[in-house]
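Below is one structure; the comments refer to it alone.
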Amino acid sequence: MAFDKMELRDIEVWDGNFAAAQALRQCQIDVVAAYPITPSTPIVEGYAKFLADGYVEGEFVMVESEHAAMSGCIGAAAAGGRVATATSSQGLALMSETLYQASGMRLPIVLNLVNRALAAPLNVNGDHSDMYMVRDSGWIQFDAYNPQEAYDLNFIAFKVAEDHDVRLPAIVNQDGFMTSHTAQGVKTLTDDAAYNFVGEFKPMNDMLDLDHPVTHGVQTEEDWHFEHKARQHRDLMVTVMPKIQAAFDEFEKLSGRKYNIVEEYDMDDADVAVVCMGTSVETAREVATEMRAQGIKAGVVGIRVLRPFPFMEIAEALKDVKAIAALDRSSPNGAAGMLFNEIAGALFNTDTKALLSGYVYGLGGRDLTKAHLRDLYKELQANADAGKVTTQLQQFIGVRGPKLAFL
Amino acid sequence: MANKGWDEFEIGAMLRSFNGPVSDVALTHQEDRDYSENNSFTASVADWRIEKPVFNKDYCIDCQFCWIYCPDISIISRDKKMVGVDMDHCKGCGICVEVCPTNPKSLLMYSEQTDEEEALAAWPSKETGEK
């Protein structure tokens, strides 16, 4: 092929954005159509530079908006290319219409979503509002907690998305700034090992197959729409999880790094558990270890795969705990919170009678500190000891002013 | 196509135009192409039409203007000779009549119910410009 390979050290110091850009280079993306938005911009800038410097054989399409960016990705994917882009927040909001097109058309695009709050008020910092906004859009969603995982999950995302039994687009989430702009040691794959893991792109129903003309993006009404949506949902419910597990297993063989659909930390004998996503998982793990030194059997459950939601896996992970905290980093705006609801749904018909409480935290990049989590674990232990939730079911952590609690 | 279950079709919002592979499509007349049932060629949209074009070959000079301008590829022409109108796909827009350069015109719009024989029998004569 007509591009140069790059020699990487075994461990490079990369932030999450550069790690994702390197993964896009190593996957040899054919087309990136992108529009810049903080904090995701360096990912597509990175790809563009690799392309300009001759490290990728591909095409960078500059467009006028995120709606156009995803539309360009859809066209390129339908034509039969390996396609990726990146965005955040308002950009994802503008893209949201086309996200449903991509998944309904079964196009294996990979979107690096660097999580950021949604205006108003305008805010460039990290929370999970954008991730939550498109959770029903039919995309697979992975969640990275640090730059290493942002790098690794890109390879896994392409491998799963492009599988002909799957053919669904995938989002790789990472926390804005906390992951995207925080440089850490990232263990690398060689260019050959990375590309071999993802494999040659295998087109399916591609428009450039001129001997088999296809019309993409057709219209259906009440006679067909339901069957298409049902098929897509069925594939997400049945096909995708085993493929993700297989990709995790194969990636572990290649790299030694083990990923799980639900990431359990000290859950074997845990009485109290925090369920959360993003960088908060790592903070919670540190605090859980501290709490164990104080006699509280604390554990952490991190969501690695948000869509399809690991309904069975989460019920299994939480089956023996006495009190659970669901941490939502997005304002539910009039509901109990996504993780609270999903966990409640997963546990409701089981024998697990754990006490579940929800917490809203970290909006607009507000820190979730270890002190917050220490208090939270103590509250969970108090719930477990009392045999009932001693607080209201939904509380806000880290917001100024009189305490906010509901339900 | 109708009444298939969710597990009985190819994934994606995608339809195939032809049954099996094709080659030289551009050089094959529509009626000789192996269109699939999903292709619009097999579907009639004649009922969209309120007025229809009637073709009078007596005045046609085979200039092909109507063939070029028709937005629905509904003018049938073979070897650069105007044959007629594809009445399954014509939507009655009247552009062919508008662009027809002959005097009198070789295509005129009539209400959908008009009998074609009667229309041809009562075709207007050449305009002299001496109004």
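When the Cα positions of A:Met207, A:Ala21, A:Ser88 are compared along the charge dipole of the protein assembly as shown, A:Ser88 comes out farthest toward the positive end, with charges on each C-beta of Lys, Arg, Asp and Glu. Scalar couplings 3J(HN,Hα) for segment A:305-320, obtained by applying the Karplus form with A = 6.51, B = -1.76, C = 1.60 to θ = phi - 60°, are 10, 8, 9, x, 6, x, 4, 6, 5, 6, 5, 5, 5, 9, 5, 9 Hz; x denotes Gly and Pro. Helix A:240-255 sits at what angle to the longest principal axis of chain A, using alpha carbons and giving 0 to 90 degrees rounded to 10? Taking Cα atoms only, the helix is inclined about 80 degrees. Ranked by the mean number of other Cβ atoms within 10 Å of their residues, highest first, the peptides B:31-38, A:152-159, B:6-13, A:178-185 come out as A:152-159, A:178-185, B:6-13, B:31-38.
Legend: mean number of C-beta atoms from other chains within 10 angstrom of residue C-beta atoms, peptide A:229-240, equals 2.
Of the residues A:Met70, A:Ala284, A:Gly401, the one whose Cα sits farthest towards the positive end of the charge dipole of chain A is A:Gly401 (charges of +1 on Lys and Arg Cβ, -1 on Asp and Glu Cβ, taken about the Cα centre). Annotation note: GluC sites (Glu not before Pro) in segment A:220-278 located in DSSP loop regions with a Cβ neighbour count of at most 12 within 10 Å are A:Glu221, A:Glu222. Restricting the calculation to Cα atoms, segment B:45-121 yields a radius of gyration followed by a Dmax of 11.4, 31 Å. Computed from Cα atoms, the angle from the helix A:225-234 axis to the main principal axis of chain A rounds to 60 degrees. Rounded to the nearest 10 degrees, the angle from helix A:280-293 to the longest Cα principal axis of chain A is 30 degrees.
Each Lys and Arg adds +1 at its Cβ and each Asp and Glu adds -1 at its Cβ; summed about the Cα centre, segment B:45-121 shows a dipole of about 360 debye.
For the peptide B:13-26, the mean number of other protein chain Cβ atoms found within 10 angstrom of a residue's Cβ is 5. Our note on the geometry: Cα centres of segment A:208-235 and segment A:247-306, 39 Å apart.
Only DSSP H runs of four or more residues enter the estimate; each adds -39500 (n - 2.57), and after division by the residues of chain A the mean residue ellipticity at 222 nm equals -12000 deg cm²/dmol. Using the average count of surrounding beta-carbon atoms within 10 Å as a protection proxy, the listed peptides B:45-55, A:79-89 rank, highest first, as A:79-89, B:45-55.
Kirkwood hydrodynamic radius of segment A:153-253 from all distinct Cα pairs, in Å? Result for segment A:153-253, one decimal place: 16.6 Å. Loop-located trypsin sites (Lys or Arg not before Pro) across segment B:54-90 with a Cβ neighbour count of 16 or fewer within 10 Å are B:Lys57, B:Lys80, with loop assigned by DSSP. Averaged over residues, the count of other Cβ atoms within 10 Å places the peptides A:319-332, B:98-111 in the sequence A:319-332, B:98-111, highest first. From the alpha carbon centroid of segment A:47-119 to that of segment A:149-184 is 13 Å. Counting only Cβ charges, +1 for Lys and Arg and -1 for Asp and Glu, the dipole size of chain A around its Cα centre is about 1220 debye. In terms of Cα atoms, the Rg and Dmax of segment A:322-401 work out to 12.7, 39 Å.
Note on segment A:216-315: Cα-only Rg and Dmax are 18.6, 61 Å.
Shape summary: chain B maps onto an equivalent ellipsoid whose semi-axes, from the alpha-carbon gyration tensor, are 37, 17, 11 Å in decreasing order. From largest to smallest, the equivalent ellipsoid semi-axes obtained for segment A:262-406 from the alpha-carbon gyration tensor read 20, 18, 16 Å.
For segment A:33-69, the list of GluC sites (Glu not before Pro) that fall in a loop by DSSP and count at most 11 other C-beta atoms within 10 angstrom reads A:Glu64. Answer with one residue from B:Ala121, A:Val238, B:Thr28: the one whose Cα lies farthest towards the positive end of the charge dipole of the protein assembly as shown, charges on Cβ with Lys, Arg +1 and Asp, Glu -1. Checked the options; the winner is A:Val238.
With one equal scatterer per alpha carbon and no solvent term, the Debye-computed log10 I(q)/I(0) for chain A at 0.06, 0.10 1/Å reads -0.23, -0.65.
Karplus-derived 3J(HN,Hα) values for segment A:31-46, using 6.51 cos²θ - 1.76 cosθ + 1.60 with θ = phi - 60°, are 9, 10, 10, 8, 10, x, 7, 5, x, 8, 3, x, 5, 6, 4, x Hz; glycine and proline are entered as x.
Per-residue mean of foreign Cβ neighbours for A:206-215 is 4 (Cβ atoms of other chains, 10 Å radius).
Here are some pairs, A:Lys297/A:Lys403; A:Lys159/A:Lys258; A:Lys378/A:Lys403; A:Lys353/A:Lys403; A:Lys243/A:Lys297; A:Lys353/A:Lys378; which of them have Cα atoms lying more than 23 Å apart in this structure?
Beyond 23 Å between Cα atoms: A:Lys297/A:Lys403; A:Lys353/A:Lys403; A:Lys243/A:Lys297.
Separation of segment B:65-131 from segment B:24-62 is 14 Å, based on Cα centroids. So in the protein assembly as shown, what percent of DSSP beta bridges are antiparallel if you round to the nearest 5? Antiparallel bridges make up about 40 percent of those DSSP assigns within the protein assembly as shown. Isolated cysteines of the protein assembly as shown, defined as having no other cysteine beta carbon under 4.7 Å away, are A:Cys27, A:Cys73, A:Cys276, B:Cys60, B:Cys63, B:Cys70, B:Cys90, B:Cys93, B:Cys100.
Throughout, read-outs are computed from the coordinates displayed, never taken from laboratory work. If you're wondering where the values come from, they're calculated on a predicted model, not measured in any experiment. Here Cβ is always computed from backbone atoms with ideal geometry, including for glycine, and neighbour counts include all displayed protein chains.
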